[in-house]
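Single-structure report; data block below.
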Amino acid sequence: MGNNSLTGITNASPAYSVFFGDGVFQNNNFTAIPDFLEGIISGILPSYTFENNSFTSLTIDATNSPWVKKINAGCFQNNSLLTTLSFDAANTNHASGFITTQTFFNCNISSITFLATGTGSWDVNTCSSISNFKGNNLSTLPTGLFGTGSVVGQALINYEMFMDNSFSGSLTIPDGVTSISVRAFKNNNLTAVSVAAGTSISSDAFDPGVTITFRP
(Lines give C-alpha, C1' and ligand atoms only; values in the text may rest on other atoms or scores of the structure.)
Protein backbone atom coordinates (compact mmCIF):
# COMPACT_ATOMS: atom_id res chain seq x y z
CA MET A 1 0.00 0.00 0.00
CA GLY A 2 3.01 2.27 -0.31
CA ASN A 3 3.33 5.06 -2.86
CA ASN A 4 -0.35 5.98 -2.84
CA SER A 5 -2.28 8.90 -1.37
CA LEU A 6 -3.88 7.11 1.57
CA THR A 7 -4.79 9.37 4.49
CA GLY A 8 -6.04 6.64 6.84
CA ILE A 9 -7.93 3.39 7.25
CA THR A 10 -11.18 3.44 9.25
CA ASN A 11 -12.47 0.34 11.01
CA ALA A 12 -13.30 -1.03 14.44
CA SER A 13 -10.67 -2.50 16.73
CA PRO A 14 -9.85 -5.96 15.39
CA ALA A 15 -10.86 -9.33 16.72
CA TYR A 16 -8.01 -10.87 14.72
CA SER A 17 -4.24 -10.80 14.47
CA VAL A 18 -2.39 -8.59 12.00
CA PHE A 19 0.91 -9.50 10.39
CA PHE A 20 2.75 -7.45 7.78
CA GLY A 21 6.29 -6.62 6.73
CA ASP A 22 8.33 -3.45 6.44
CA GLY A 23 7.32 -0.28 4.62
CA VAL A 24 3.65 -1.14 4.13
CA PHE A 25 2.38 2.46 4.31
CA GLN A 26 5.44 4.30 2.98
CA ASN A 27 4.92 7.43 0.90
CA ASN A 28 1.28 8.10 1.78
CA ASN A 29 -0.56 10.83 3.70
CA PHE A 30 -1.34 9.15 7.03
CA THR A 31 -1.66 11.55 9.98
CA ALA A 32 -2.40 8.94 12.67
CA ILE A 33 -1.77 5.26 13.42
CA PRO A 34 -4.84 3.28 12.20
CA ASP A 35 -6.82 1.52 14.94
CA PHE A 36 -6.71 -1.86 13.24
CA LEU A 37 -2.96 -2.11 13.82
CA GLU A 38 -3.88 -2.96 17.42
CA GLY A 39 -4.04 -6.48 15.99
CA ILE A 40 -0.23 -6.63 15.77
CA ILE A 41 0.20 -9.10 18.61
CA SER A 42 3.92 -8.38 19.04
CA GLY A 43 3.24 -4.70 19.68
CA ILE A 44 6.06 -3.82 17.26
CA LEU A 45 5.58 -1.30 14.45
CA PRO A 46 7.72 -2.66 11.57
CA SER A 47 10.54 -0.70 9.97
CA TYR A 48 9.65 2.15 7.59
CA THR A 49 5.89 1.62 8.12
CA PHE A 50 5.01 5.32 8.00
CA GLU A 51 8.10 6.72 6.29
CA ASN A 52 7.37 9.89 4.31
CA ASN A 53 3.78 10.46 5.43
CA SER A 54 1.93 13.51 6.82
CA PHE A 55 2.07 13.12 10.61
CA THR A 56 2.21 16.47 12.44
CA SER A 57 2.27 14.97 15.94
CA LEU A 58 2.45 11.50 17.49
CA THR A 59 1.11 10.46 20.90
CA ILE A 60 1.40 6.98 22.36
CA ASP A 61 -0.24 6.66 25.78
CA ALA A 62 -3.09 4.93 27.63
CA THR A 63 -5.67 6.03 25.04
CA ASN A 64 -3.60 6.53 21.88
CA SER A 65 -2.13 3.30 20.45
CA PRO A 66 -1.34 1.88 23.93
CA TRP A 67 -0.51 -1.48 22.31
CA VAL A 68 2.73 -0.13 20.80
CA LYS A 69 5.71 -1.65 22.64
CA LYS A 70 8.44 -0.87 20.10
CA ILE A 71 8.93 1.29 17.01
CA ASN A 72 11.38 -0.22 14.54
CA ALA A 73 14.00 1.39 12.31
CA GLY A 74 13.00 4.34 10.16
CA CYS A 75 9.32 3.86 11.00
CA PHE A 76 8.50 7.60 10.91
CA GLN A 77 11.54 9.01 9.14
CA ASN A 78 11.10 11.72 6.52
CA ASN A 79 7.81 13.00 7.98
CA SER A 80 8.64 16.64 7.29
CA LEU A 81 5.50 17.92 9.07
CA LEU A 82 6.10 16.00 12.30
CA THR A 83 6.92 18.46 15.10
CA THR A 84 5.77 16.92 18.41
CA LEU A 85 6.23 13.53 20.09
CA SER A 86 4.57 12.49 23.36
CA PHE A 87 5.02 9.09 24.99
CA ASP A 88 3.49 7.87 28.26
CA ALA A 89 4.46 4.44 29.58
CA ALA A 90 1.10 4.37 31.39
CA ASN A 91 0.83 0.81 32.76
CA THR A 92 3.34 -0.78 30.37
CA ASN A 93 6.86 -1.81 31.35
CA HIS A 94 8.67 -1.04 28.11
CA ALA A 95 11.64 -3.21 27.24
CA SER A 96 14.93 -2.03 25.78
CA GLY A 97 14.74 -0.45 22.35
CA PHE A 98 11.32 1.25 22.28
CA ILE A 99 12.87 3.58 19.70
CA THR A 100 15.53 2.20 17.36
CA THR A 101 17.73 3.16 14.38
CA GLN A 102 16.66 6.39 12.63
CA THR A 103 13.08 5.93 13.85
CA PHE A 104 12.47 9.69 13.65
CA PHE A 105 15.28 10.68 11.29
CA ASN A 106 14.86 13.78 9.13
CA CYS A 107 11.55 15.10 10.43
CA ASN A 108 10.91 18.55 11.95
CA ILE A 109 10.58 17.58 15.61
CA SER A 110 11.02 20.37 18.15
CA SER A 111 9.38 18.82 21.23
CA ILE A 112 9.63 15.31 22.77
CA THR A 113 8.08 14.26 26.10
CA PHE A 114 8.38 10.96 27.96
CA LEU A 115 5.98 10.37 30.87
CA ALA A 116 5.21 7.49 33.24
CA THR A 117 1.90 8.38 34.86
CA GLY A 118 0.80 4.80 35.65
CA THR A 119 2.52 1.71 36.99
CA GLY A 120 4.63 1.28 33.85
CA SER A 121 8.20 2.34 33.23
CA TRP A 122 10.80 3.17 30.58
CA ASP A 123 14.02 1.24 30.20
CA VAL A 124 17.55 2.63 30.71
CA ASN A 125 18.00 1.85 27.02
CA THR A 126 14.65 3.20 25.79
CA CYS A 127 16.37 4.53 22.67
CA SER A 128 18.71 1.91 21.26
CA SER A 129 21.04 1.75 18.26
CA ILE A 130 21.87 4.97 16.32
CA SER A 131 20.63 8.27 14.89
CA ASN A 132 17.27 8.13 16.71
CA PHE A 133 16.44 11.85 16.35
CA LYS A 134 19.05 12.93 13.81
CA GLY A 135 18.05 15.70 11.42
CA ASN A 136 15.31 17.45 13.38
CA ASN A 137 14.69 20.84 15.02
CA LEU A 138 15.36 20.04 18.68
CA SER A 139 16.87 22.80 20.82
CA THR A 140 16.29 21.05 24.18
CA LEU A 141 16.69 17.45 25.31
CA PRO A 142 13.55 15.27 25.41
CA THR A 143 11.65 15.85 28.64
CA GLY A 144 11.65 12.81 30.94
CA LEU A 145 13.91 10.61 28.80
CA PHE A 146 17.19 10.88 30.69
CA GLY A 147 17.60 9.95 34.34
CA THR A 148 18.16 12.62 36.96
CA GLY A 149 18.41 12.34 40.73
CA SER A 150 16.52 9.23 41.85
CA VAL A 151 14.60 8.98 38.57
CA VAL A 152 15.91 6.22 36.31
CA GLY A 153 16.03 6.96 32.59
CA GLN A 154 18.05 6.61 29.41
CA ALA A 155 21.74 6.35 30.35
CA LEU A 156 23.40 6.59 26.94
CA ILE A 157 23.24 9.37 24.34
CA ASN A 158 23.64 7.24 21.24
CA TYR A 159 25.75 7.62 18.10
CA GLU A 160 24.43 10.63 16.10
CA MET A 161 21.36 10.73 18.37
CA PHE A 162 20.95 14.53 18.15
CA MET A 163 23.17 15.31 15.16
CA ASP A 164 21.89 18.00 12.77
CA ASN A 165 19.44 19.63 15.18
CA SER A 166 19.03 23.16 16.58
CA PHE A 167 20.89 23.05 19.91
CA SER A 168 22.73 26.29 20.60
CA GLY A 169 24.57 28.06 23.41
CA SER A 170 24.86 26.10 26.66
CA LEU A 171 23.46 22.65 27.40
CA THR A 172 23.26 20.76 30.71
CA ILE A 173 23.29 16.97 30.39
CA PRO A 174 21.32 15.26 33.23
CA ASP A 175 23.16 13.33 35.95
CA GLY A 176 21.69 10.02 34.80
CA VAL A 177 23.57 10.12 31.51
CA THR A 178 26.74 8.04 31.86
CA SER A 179 28.01 8.03 28.27
CA ILE A 180 27.84 10.26 25.18
CA SER A 181 28.66 8.54 21.92
CA VAL A 182 30.46 9.62 18.74
CA ARG A 183 28.83 12.48 16.78
CA ALA A 184 25.96 12.63 19.27
CA PHE A 185 25.64 16.42 18.93
CA LYS A 186 27.57 17.11 15.74
CA ASN A 187 26.41 19.92 13.48
CA ASN A 188 24.63 21.96 16.13
CA ASN A 189 25.56 25.40 17.48
CA LEU A 190 26.56 24.55 21.03
CA THR A 191 29.29 26.53 22.76
CA ALA A 192 29.34 24.93 26.23
CA VAL A 193 28.19 21.64 27.77
CA SER A 194 27.94 20.64 31.44
CA VAL A 195 28.04 16.93 32.35
CA ALA A 196 28.21 14.92 35.57
CA ALA A 197 31.61 13.86 36.84
CA GLY A 198 32.61 10.50 35.42
CA THR A 199 30.58 10.83 32.24
CA SER A 200 32.28 9.06 29.32
CA ILE A 201 32.46 11.29 26.24
CA SER A 202 33.54 9.85 22.89
CA SER A 203 35.79 11.74 20.54
CA ASP A 204 33.88 13.89 18.07
CA ALA A 205 30.71 13.83 20.21
CA PHE A 206 30.50 17.62 19.88
CA ASP A 207 31.63 20.17 17.31
CA PRO A 208 35.16 21.60 17.65
CA GLY A 209 35.40 24.47 20.13
CA VAL A 210 32.63 23.34 22.50
CA THR A 211 33.70 23.79 26.15
CA ILE A 212 32.92 20.77 28.33
CA THR A 213 32.61 21.16 32.12
CA PHE A 214 32.39 18.22 34.52
CA ARG A 215 30.15 18.89 37.51
CA PRO A 216 31.22 17.55 40.93
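Data overview
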read-out	value
Residue match in the stretch 34-49 (condition: surrounded by 16 or more Cβ atoms within 10 Å (Cβ to Cβ), touching a strand residue (DSSP E or B) at 6+ places or on another chain (Cβ under 8 Å), among the polar types (S, T, N, Q) and modelled with pLDDT of 95 or more)	no
Pick from the stretch 74-108, criterion out of contact with any strand residue (DSSP E or B) (no Cβ under 6 Å at 6 or more places or on another chain) and β-branched (Val, Ile, Thr), ranking: farthest from Thr178 (Cα to Cα)	Thr83
Any hit, the stretch 7-14, residues being in a loop (DSSP other than H, G, I, E, B), crowded, with 17+ Cβ neighbours inside 10 Å, at pLDDT below 95 and not basic (Lys, Arg)	no
Some residue of the stretch 175-198 being in contact with a strand residue (DSSP E or B) (Cβ under 6 Å, 6 or more places away or on another chain), closer than 24 Å to Thr101 by Cβ and at pLDDT below 95	yes
Unique residue being under 11 Å from the mean Cα position of the chain (by Cα) and not aliphatic (A, V, I, L, M) when the list is Ser139, Ser131	Ser131
Counted residues, the stretch 176-205 - those being over 20 Å from the mean Cα position of the chain (by Cα) and either crowded, with 17+ Cβ neighbours inside 10 Å or assigned to a loop (DSSP other than H, G, I, E, B) (or both)	10
Matching residues, the stretch 139-175, being of a type in the set (A, V, I, L, M, F, W, C), in a loop (DSSP other than H, G, I, E, B) and buried (at least 17 other Cβ atoms within 10 Å of the Cβ)	Leu141, Leu145, Met161, Phe162, Met163, Phe167, Ile173
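The values are calculated or read from the model by the stated rules, or taken from the named source; none is laboratory data. These numbers come from a predicted model, not from an experiment. Glycine also receives a Cβ, built like all others from the backbone with ideal geometry; neighbour counts cover every protein chain displayed.
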